[in-house]
1. I'd like to know how the range 31-125 sits against the 2.2 N^0.38 Å rule of thumb: what's its Cα Rg over that expected value?
2. At a 10 angstrom cut-off on C-beta neighbours, averaged per residue, how do the peptides 98-109, 131-142 rank from highest to lowest?
3. Before anything else, pin down the relative contact order of the range 31-125: Cα pairs under 8 Å, at least 6 apart, normalised by residue count, whole percent.
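Derivation of every value follows stated rules applied to the coordinates shown; laboratory data play no part. These numbers were taken from a predicted model, which means no experiment stands behind them. Positions of Cβ are backbone-derived with ideal geometry, glycine not excepted, and every protein chain shown enters the neighbour counts.
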């Protein structure tokens, strides 16, 4: 019963977590200036101004997420083919990669004033469709580290199992570790000293023999006396 209850709680928790992530993702993606695209696709970043029009050179540009590189309209031939910009300020990025993620700022000139809008591309990381393409180095590195730990532990256990141990030390070690045992005694007289009950075994035997002999002799004398009295 306890295991089934735990399984139900685990499934409910997973369901709630998935629902939370899904609703959060949908809530974020509903904004026009937020873009979530899988890697390898083409994305079109549009300014937030509906009437944007790049009239002359350098009248509008995009500031890339590194806050250094700028893409001015019209793009020169020296710029990589990865980017293209239309007259309405739309920036097209081909074959987007993790390095393209970030916040893009669009600047346009309006009556000698600069108006800024922004666009967010995969701000919180890769979408679900391309998680593996972004995090596979971390996964592979973790698996390699875990395998190295297990292999090292196995080699240590194997070396400890088959390492050389002298037989005398091994037998003494096992005997001394066995509960209720006493190590073998090699000195003469130690057995008698450690077991005082058996110290006078020889004297006790001779005493018992003398006592039995005296009893037999007294019995024989009594029998002889009885015979003499009968006569």
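1. So the range 31-125 has a normalised radius of gyration of 1.02.
2. With the highest mean Cβ count within 10 Å placed first, the list reads 98-109, 131-142.
3. Relative CO of the range 31-125 lands at 36 percent.
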